[in-house]
Amino acid sequence: MKVESSKYLTDKKPVFRRLLERMLAKYRYASIIASDVECRNYSVSGRGTSVEESNRFGKRAFTLRVFGDAGYAEYSAVTLSDEDIPVIEDTVENELLARARAFEQMNTPVPDDVPLSFVRSTDFISDPHTLGDGEIVRRLTEIREKGLSLDKRILDVNCRFGYQKYHKLFLSRNRDLEQNVLYSDSAVVMMARKGDEIKDSYKSFSCLGGAEALDSIIGYLPSMCETVTSLLDAEPLVPGEYECICTPDVTGMIVHEAFGHGVEMDMFVKDRALAADYVGKRVASDLVTMKDGACTDYTDVATYFFDDEGTEANDTLVIDRGILVSGFADAVSAGRLGVKPTGNGRRESVDHKAYTRMTNTFFTAGTSTPEEMIASVKYGLLLEEPTSGMEDPKNWGIQCMVSFAREIRDGKLTGRIFSPIVLSGYVPDLLKSITMVGNSVAHAGSGYCGKGHKEWVKVSDGGPCIKATIRLG
């Protein structure tokens, strides 16, 4: 089934068009982005059941953007009527543009010269809204009870599900775009106790779709139980450099932290990213190819048809066989750098500022199987379950937390587990050390990414298993 258009935006479109025409009569560029959003989050745990409606990441609102000789300005509001138009016109001219900043380097703020018009919608199997709160809570409760029954050491099982259905309308002189998107994600945290020791294991699921994101969870509960109970006997790791196999979710964290923010080109404008000096140069093993984009080979929570500046979604090649070939850019940063926008101009919600942001970011597949990769290790570790990460784009440092590592000796897993694990190093050194890349890609998008600890957006990341030499602590 396809996500249907928003009646609210359809009804309001003539008013948005009249506001746009008034602005285009005065300024060389004007555009409107408008949204209508439905978002709900569910949680079931030993602490209780929660059902919440959220508008942090979107609501009914619009933003008007104008570029004039005096500079650039934006105006946002949650409602619009014909009576509001003269007031908005006066506010933009006499208040916003009066203190606007001019960008002399910019010629065209967005690629608006080619006419483009479409209405596009994503597919889903099960509509969470139709399924209803009661049924979603019942299924989460069933998952929790199944997890609790697996082992007497299981302390609690926290089950979460959330979805966002959003509709966006973009209008400018040459663009009339509409998109209707539904994405969902779910996660399980299983906790186990042995005496005073408490450990947890985390598994997430996401999709460009609806409540079908719930369907796979129960099948993973036995392996989660095995992991979390094994962690009760985990040992501390002796710090050092190890030959490591990274599971796809750990690879995804490395991709996101190593070359995510570091190639967001608004950081190039601000001279805050070392990557700006390495375009065209080797930054990784020739086995490494990296992509980012809302219309890449893989769809997930960060898939869309146009960004929040009206640029059509893209598939951007960032690293090609070890060579850094491109970053990705929002329209304003692209204009200042003299490059083409890549469809990465994203807002936390339409009444927030647009920044260059990651979308679906991943390493592409290689040729090795996970079994071949493990068999090639004389002594090393299999890294699993990333928990958090951070980077320094200016100096290309990276530090990530991984829940645990399994010991590999003579090409076989020994059953010995170390926890917790801190992964750190200089990004090019880590990526140049990659000697094997797995033959299949997995990705997930259960969390959000912040820009400077704010301006959160939904992203996904992933890749294949990789074999690399990594500093661990």
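The values are calculated or read from the model by the stated rules, or taken from the named source; none is laboratory data. In this text, all values refer to a predicted model and were calculated from it rather than measured experimentally. A quick note on method: Cβ atoms are made from the backbone with ideal geometry, for glycine too, and the neighbour counts reach across all protein chains shown. For accessibility, only protein heavy atoms count, side chains too; no ligands or nucleic acids. Shrake-Rupley method; radii C 1.70, N 1.55, O 1.52, S 1.80 Å.
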Any hit, segment 278-292, residues being modelled with pLDDT under 95, out of contact with any strand residue (DSSP E or B) (no Cβ under 8 Å at 6 or more places or on another chain) and assigned by TED's automatic domain parsing to the domain that holds residue 352: no
Residue that is surrounded by the most Cβ atoms within 10 Å (Cβ to Cβ) [pool: residues in segment 287-303 that are more than 14 Å from residue 343 (Cα to Cα) and not hydroxyl-bearing (Ser, Thr, Tyr)]: 301
Whichever residue in segment 348-380 is β-branched (Val, Ile, Thr) and modelled with pLDDT of 95 or more and, among such residues, is most open to solvent (accessible area, probe 1.4 Å): 367
Members of segment 304-331 found to be open to solvent by less than 20 Å² (accessible area, probe 1.4 Å), of a type outside the set (D, E, K, R) and on the phi < 0 side of the Ramachandran plot, listed by number: 304, 306, 311, 313, 316, 318, 319, 324, 327, 328, 329, 331
Segment 332-345, subset out of contact with any strand residue (DSSP E or B) (no Cβ under 7 Å at 6 or more places or on another chain) and assigned to a loop (DSSP other than H, G, I, E, B), residue least open to solvent (accessible area, probe 1.4 Å): 341
Segment 434-456 - residue that is modelled with pLDDT of 95 or more and hydrophobic (A, V, I, L, M, F, W, C) and, of those, surrounded by the fewest Cβ atoms within 10 Å (Cβ to Cβ): 442
Qualifying residue in segment 58-66 (condition: at pLDDT 80 or above, open to solvent by 30 Å² or more (accessible area, probe 1.4 Å) and under 15 Å from residue 353 (Cβ atoms)): no
Enumeration of residues in segment 249-280 that are open to solvent by 30 Å² or more (accessible area, probe 1.4 Å) and farther than 27 Å from residue 335 by Cβ: 249
Counted residues, segment 94-123 - those being out of contact with any helix residue (DSSP H, G or I) (no Cβ under 8 Å at 6 or more places or on another chain), loosely packed, with under 12 Cβ neighbours inside 10 Å and either under 26 Å from residue 165 (Cα atoms) or modelled with pLDDT under 70 (or both): 3
